[in-house]
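*Asks:* Let me give you the structure first, and then I'll get to my questions.
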Amino acid sequence: MTEERTQSDARADTLVSQAYRDLANERTPEHLDRTVLRAAAKEARPRYSRFIAWTRPMAWAATVMLSVALVLEVTNAPSPGVVPIDDAISTFEVQSPEADAEDDRPVDSLEESVVPASERVKKQRNDMRQKATAFAEQEIEPQRPAGPAVTEPEFPAGRSLAAAAAFSAPVADCDEDAVATPQTWIECIVALENAGRDEAAREQRALLAEAFPDFDPR
Amino acid sequence: MATNAQAIRGGQLALSHTAELAYARPMDNVPEDSALMLRYRDGDLAAFEVLYRRHNDAVFRYLLRLCQHRDTAEDVFQDAWGKIVKARDSYRPTAKFSTFLYRVAHNCFIDHIRRNKRHTQTVAVEPDSQPDQADLPEVETERSLARRRLEAALQELPEEQRDVFLLSEEAGLSLDQIAFVTDSNRETAKSRLRYAVNKLRAAIDEPVRTS
């Protein structure tokens, strides 16, 4: 009985299936096919292509920029211990309060000035150059106390050659304080002679004689 | 989207296709669906086209009869294949491809119903299923009448029963696979299929019995 029913169901299923097969013969519209396949093609493209397209020129640009920056850095770098005069001048030009004060002066006072503007600028620039030179020398040479080193201590025996060389380092020329009076100037000259800087001492003596012709150095 | 992900996850768990079987062996003339999908995942568009041509009509008919509205069917069809395309990276050949495909299509249909209230029961008359008016009534055979009755009966079926019947007929899925696609158990799927077939058979046999 059950077997008969199963066979009947199977035959019915076949009949229904066959009837459905006759009925269902629709096909997908062409426009849907095109849409789906286009979407699939778009998705199938490698996703990193856009990334690669950007990274290569970016890498080139970054390399060129870094190279140029490196070359500029190397060529413009100042040598150690030396301050370029122009840099020092520009520093003074920026920071000079005198220049600022002059700029802040009223127009009337500028008109009253006897010296033409170009001359004034030239003079100002020369002053600045002198200051910058002094500044650069201070940067280069080791700091020493102001005034002449009147007495040089005796170099103790038995020290190394390097120490001896450091000990016999030249004394700085007479500075503004030293040349203020003939007495301090001659003391500075004597200190130079004691340090073995005879030529500098001679120059200072000549300057002393020129500045104070009545002074007897002896 | 969540249902799609569930479909993919479920497909991985439910069936026992192994990865090594997925790629077709060199001796095979007809590559498996999963192998084609894997080739598409690797960028082979031609593989996808073969896969699409293999299933597009059946999926379209399934959705057409499920939605009972041509425009809706086309929207859902496009949506379903779009999800298949987008899921290519995450596709794993642990499930039979047709199960995965019909589950995605089924879920897209459900989503569409929930999202869009314009889903109605209006029936779009298919030109293919309409008998030639010139031949009526003399030439129309009993078979074409049965076909028309089947169409009407199919449209009158409850949605769940129609879904199960269409999955069985169009996709050729087993009861287990139908249960997986429709998110139900095997007995429910079997019961729905039996009810659907009985109703359709009754519709086909009706004029025979009345005559």
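The values are calculated or read from the model by the stated rules, or taken from the named source; none is laboratory data. Owing to the predicted nature of the structure, the values given are computational and were not obtained by experimental measurement. Cβ atoms come from the backbone with ideal geometry, glycine included; neighbour counts cover every protein chain shown. The accessibility values were calculated without ligands, DNA or RNA, using every heavy atom of the protein model including side chains. Shrake-Rupley method; radii C 1.70, N 1.55, O 1.52, S 1.80 Å.
*Asks:* Please enumerate the residues belonging to the range B:28-54 that are open to solvent by less than 20 Å² (accessible area, probe 1.4 Å) and at the interface with chain A (Cβ under 10 Å from one of its Cβ atoms).
*Replies:* B:40, B:47, B:48, B:51, B:52
*Asks:* Considering only the range B:56-68, state which residues are more than 9 Å from every other protein chain (Cβ to nearest Cβ) and without any contact (Cβ under 8 Å) to a residue 60 or more places away in the chain.
*Replies:* B:63, B:67
*Asks:* Give the residues of the range A:160-218 that are surrounded by 12 or more Cβ atoms within 10 Å (Cβ to Cβ), of a type in the set (D, E, K, R) and at pLDDT below 80, sorted by residue number.
*Replies:* Of everything in the range A:160-218, just one residue is surrounded by 12 or more Cβ atoms within 10 Å (Cβ to Cβ), of a type in the set (D, E, K, R) and at pLDDT below 80, namely A:173.
*Asks:* Can you name the residue in the range B:69-83 that is touching a Leu at 6+ places or on another chain (Cβ under 9 Å) and touching a residue at least 40 places away in the same chain (Cβ under 8 Å) and is also nearest to residue A:40 (Cα to Cα) among such residues?
*Replies:* Ranking the qualifying residues of the range B:69-83, first place goes to B:72.
*Asks:* I would also like to ask the following. Do you know which residues across the range A:15-44 are open to solvent by 20 Å² or more (accessible area, probe 1.4 Å), at the interface with chain B (Cβ under 7 Å from one of its Cβ atoms) and among the acidic types (Asp, Glu)?
*Replies:* A:22, A:43
Condition check ((1) closer than 30 Å to residue B:145 by Cβ; (2) open to solvent by 20 Å² or more (accessible area, probe 1.4 Å); (3) in contact with a strand residue (DSSP E or B) (Cβ under 7 Å, 6 or more places away or on another chain)) across all residues:
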| residue | (1), (2), (3) |
| --- | --- |
| B:158 | yes, yes, no |
| B:169 | yes, yes, no |
| B:183 | no, yes, no |
| B:189 | no, no, no |
| B:195 | yes, yes, no |
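*Asks:* In addition: Just for the range B:160-211: of the residues that are away from chain A (no Cβ under 12 Å) and among the aromatic types (Phe, Trp, Tyr), which one is farthest from residue B:73 (Cα to Cα)?
*Replies:* Only one residue tops the list, namely B:195.
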